[in-house]
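Some notes on the structure that comes next.
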Amino acid sequence: MLQAINDKAKGILGWIVIAFISVPFALWGIQEYLGDNQPSYLAKVNDSEISGQEFEQALARHRDRLKTMFGGELPDSPVFDSQIKKQVLDQLISSRVLETASQKSGFRISDSLLAAKIRSMEPFLQDGKFMASNYEQLLRSQGMSVSEFEYLMRRDLLTQQLQNGITRSSIVDGASVKLVDRLQNQTRDITYLLVKQASYHEDVSLTEDEIQQFYTQNQDRYMHPEQVSVAYIEFKGDQLAVDIPVDEEAVRRAYDEYVAGIAEQEERKAKHILIQVNESASDVEKAEKQNKAESILARVKAGESFEVLAKAESDDPGSAKQGGDLGWVNRGMMVPAFETALYKLNKNEVSDVIQTGFGFHIIQLDDIKAAQPDSFENKKQEMVAQLKQHEIDNQFYERSEMMSSMTYENDDTLQLAADALGIKIQHSGLFTRSAGQGIANNESVRAAAFSAAVLKEGRNSDVIELEKNHIVVVRIDEHQSAKPKALQDVRAAVELALKTQKARSKAQSMALQVMADLQQMKSLSAFDKNSHYEVKNIGFINRDYADADRAIIKTAFEMSRPEGNDPSFTSIDLNNGDVAVIQLAAIQEPSGSTETADASKIRQQIEKELSNQEMLSILAYLKSQSEVAVVGKL
């Protein structure tokens, strides 16, 4: 089936195809091309290499996902940048480890499963049906061959098999569900005293020495981010001539291909009778089965009901009870021998006995649903436009190949490629890893500019596709390392941070005093509100209570059960700098002994948590048994 898909698919690329794949396909390492002795990869897991290019592509996609999650803006700091780089590399290493473990465990992805997954992917569907004509079109524009895509799909499905085998094996007993159910639905009588750090700001005084010391000790919080500017060459498809002559014969051929494509969409409603034959059957048994099929065919031709015979004689469990009915069938759904015989039949005609890998078939064609092509005159202008666009795409491809080869083979300059293509070298302004103007507004451009090959080794980037028929190659113009901002430029921020730190310390001291006083006073209700704190009695609440800081509610439900009539107390520092002293007076269990309506959801949550823990444990073990080497710098 995969080969059939390969043979039928034609066209251009769609970005969504690559978005499906969690780890990109590494094509080559530039170090290997130059023949030096340095490793051509960033990391290696057993015998599988992770190239710098693969890492940069994965990093760019991870940044895009984070931007989508957090409203388009990411922190522009070296610390944040280092953290996400480590996360991406760890994800790539984990993927390689799981792939190796899947293969060693005997997991395999059959061609039929792979084909089924590809046939169900949204980019390849039209009106809910797989269109072979969309398949290679969507791949080629990404610069990806069918074999590369199928390799990635197979690898992704392979690791999914291993993960599913682990995560679906978790078993949760009823007692655990009941216990968690009761805990989840209990209520607690809560009072808390909130000490506000902001109320101490006016009491805080700062000396010049303290400001200078705080600034020096926290200089990484007040940095100008690393910046670069790039020189680049840019080529667009609209720079090519659009007045391209198209001869009538080419238009006619395009129309014939269109008509053939419409014919591919023809559907046929069919019935069949299957006399099944096992692959291991002897020649004698096969002959007996064929004779049986021939005998049934003779009865059909003699006038007996096809449906009645199918119900009585067919070995196909899926259709026999329906009188052999297969419903509507289009090309590519059946094995070749069956499809060929079906599409030779006229309406209401019955085939001869047909042999496939399943056995011997008799086919009856009940109906034909054929799409009618538009006339040549109606389609001519569309065909002319398609042929012109095809020629533009070809010319663009040739020039993009020229740009790629010339900037790769002469990776210390853009001038040779610019002269050959008749374009000018352009220059960007300074930009950071996470933001820029003009061409640097593109995440892929920024990722390339800050890659090791471009930034540290001074080479040209690979060709970067910004959109269809729009490519660039960049190289470093200027590099400015991250550097501290002058104290006078950030003085207000430094003073605020230091005041907040001191105010928080005073709030923590007040909370400690409250905790000490509670040894005598025994209840927060004895404390009167003042300028630094307030007491809030919220009574019995459940875990979903939303009118207080979530950290307060979480801590309250983690506190030990009060002993006797004396409440329990604890304190917690909140993220905003405030400090809360929490009082737990009583715990109320849900009434009755039966599970609540939440029990099913709780079981699923426990199973998911156990599965995740098991997966992390197994992954950690697999990594410990693997040879993992990181040889490049992030």
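With the structure loaded, tell me whether E294 is under 17 Å from I362 (Cα atoms), touching a residue at least 24 places away in the same chain (Cβ under 8 Å) and not in a loop (DSSP other than H, G, I, E, B) or whether it fails that test.
So E294 passes the test.
Checking V246 against (1) under 30 Å from I471 (Cα atoms); (2) open to solvent by 90 Å² or more (accessible area, probe 1.4 Å); (3) not in a helix (DSSP H, G or I), which test does it fail?
It is condition (2) that V246 fails.
Keeping to the range 380-429, report how many residues are within 30 Å of G71 (Cβ to Cβ) and crowded, with 17+ Cβ neighbours inside 10 Å.
1
Hey, any hits in the range 555-566 for a residue that's in contact (Cβ under 8 Å) with a residue 12 or more places away in the chain, outside any helix (DSSP H, G or I), touching a strand residue (DSSP E or B) at 6+ places or on another chain (Cβ under 9 Å) and under 30 Å from L206 (Cβ atoms)?
No, the range 555-566 contains no residue that is in contact (Cβ under 8 Å) with a residue 12 or more places away in the chain, outside any helix (DSSP H, G or I), touching a strand residue (DSSP E or B) at 6+ places or on another chain (Cβ under 9 Å) and under 30 Å from L206 (Cβ atoms).
Just give me the residues in the range 567-580 being open to solvent by 60 Å² or more (accessible area, probe 1.4 Å) and assigned to a loop (DSSP other than H, G, I, E, B), in sequence order.
The answer is N575, N576.
Need pairs with beta-carbon distance below 6 Å; first residue farther than 11 Å from A43 by Cβ and open to solvent by 10 Å² or more (accessible area, probe 1.4 Å) and within the range 87-103, second modelled with pLDDT under 90 and not in a helix (DSSP H, G or I); sequence gap 6+ or separate chains.
S95/V23; T100/N46
Just give me the residues in the range 531-545 being open to solvent by 60 Å² or more (accessible area, probe 1.4 Å) and either among the polar types (S, T, N, Q) or assigned to a strand (DSSP E or B) (or both), in sequence order.
Passing the criteria: S531, K536, N537, F540, N542.
Taking into account only those residues within the range 205-243 that are assigned to a helix (DSSP H, G or I) and of a type in the set (S, T, N, Q), which is most open to solvent (accessible area, probe 1.4 Å)?
So, considering only residues that are assigned to a helix (DSSP H, G or I) and of a type in the set (S, T, N, Q), the one most open to solvent (accessible area, probe 1.4 Å) is Q217.
Can you tell me which of V514, V474 is open to solvent by less than 70 Å² (accessible area, probe 1.4 Å) and at pLDDT 95 or above?
Of the residues listed, the single one that is open to solvent by less than 70 Å² (accessible area, probe 1.4 Å) and at pLDDT 95 or above is V474.
Return the residues of the range 597-634 that are open to solvent by 50 Å² or more (accessible area, probe 1.4 Å), at pLDDT below 80 and assigned to a loop (DSSP other than H, G, I, E, B); say none if nothing qualifies.
A597, D598, K633, L634
So Q583 clears everything in (1) of a type outside the set (K, R); (2) crowded, with 16+ Cβ neighbours inside 10 Å; (3) at pLDDT below 90 except one condition, right? Which one?
Unmet for Q583, out of (1) of a type outside the set (K, R); (2) crowded, with 16+ Cβ neighbours inside 10 Å; (3) at pLDDT below 90: (3).
Restricting the search to the range 42-73, which residues are more than 17 Å from the chain's Cα centre (by Cα) and open to solvent by 20 Å² or more (accessible area, probe 1.4 Å)?
K44, N46, D47, S48, E49, G52, Q53, G71, G72, E73
From K311, K344, which residue is open to solvent by 20 Å² or more (accessible area, probe 1.4 Å) and either part of a loop (DSSP other than H, G, I, E, B) or in contact (Cβ under 8 Å) with a residue 60 or more places away in the chain (or both)?
K344
If E401 passes every condition in (1) in contact with a helix residue (DSSP H, G or I) (Cβ under 7 Å, 6 or more places away or on another chain); (2) outside any loop (DSSP other than H, G, I, E, B); (3) at pLDDT 85 or above but one, which one does it miss?
(1)
Among the residues of the range 91-129, what is the count of those that are over 20 Å from the mean Cα position of the chain (by Cα), among the charged types (D, E, K, R) and under 17 Å from E148 (Cα atoms)?
1
Within the set of pairs 6 or more residues apart or between chains, which connect a residue that is under 26 Å from L365 (Cα atoms) inside the range 270-285 to a residue that is of a type in the set (F, W, Y) and part of a helix (DSSP H, G or I) with Cβ atoms less than 7 Å apart?
K271/F306
Criterion first (in contact (Cβ under 8 Å) with a residue 40 or more places away in the chain, within 30 Å of A231 (Cα to Cα) and open to solvent by 30 Å² or more (accessible area, probe 1.4 Å)) does H479 satisfy it?
yes
Taking the condition free of Cβ contacts under 8 Å to residues at least 12 places away in the same chain and of a type in the set (D, E), does D238 pass?
no
Quick check, is I354 more than 30 Å from V251 (Cβ to Cβ), among the β-branched types (V, I, T) and surrounded by 15 or more Cβ atoms within 10 Å (Cβ to Cβ)?
Spelling it out, I354 is indeed more than 30 Å from V251 (Cβ to Cβ), among the β-branched types (V, I, T) and surrounded by 15 or more Cβ atoms within 10 Å (Cβ to Cβ).
On the basis of being within 19 Å of V473 (Cα to Cα) and either among the basic types (K, R) or more than 40 Å from the chain's Cα centre (by Cα) (or both), does R331 make the cut?
So R331 does not fit the description; no.
I'm trying to understand the selection: among the residues of the range 357-369, which are modelled with pLDDT under 90 and either in a strand (DSSP E or B) or not hydrophobic (A, V, I, L, M, F, W, C) (or both)?
Passing the criteria: G357, I368, K369.
The values are calculated or read from the model by the stated rules, or taken from the named source; none is laboratory data. Worth saying up front: this structure is predicted, and the values here are computed from it rather than measured. We place every Cβ from the backbone using ideal geometry, glycine too, and count neighbours over all the protein chains shown. The area values use the complete protein model at the heavy-atom level, side chains included, leaving out ligands, DNA and RNA. Shrake-Rupley method; radii C 1.70, N 1.55, O 1.52, S 1.80 Å.
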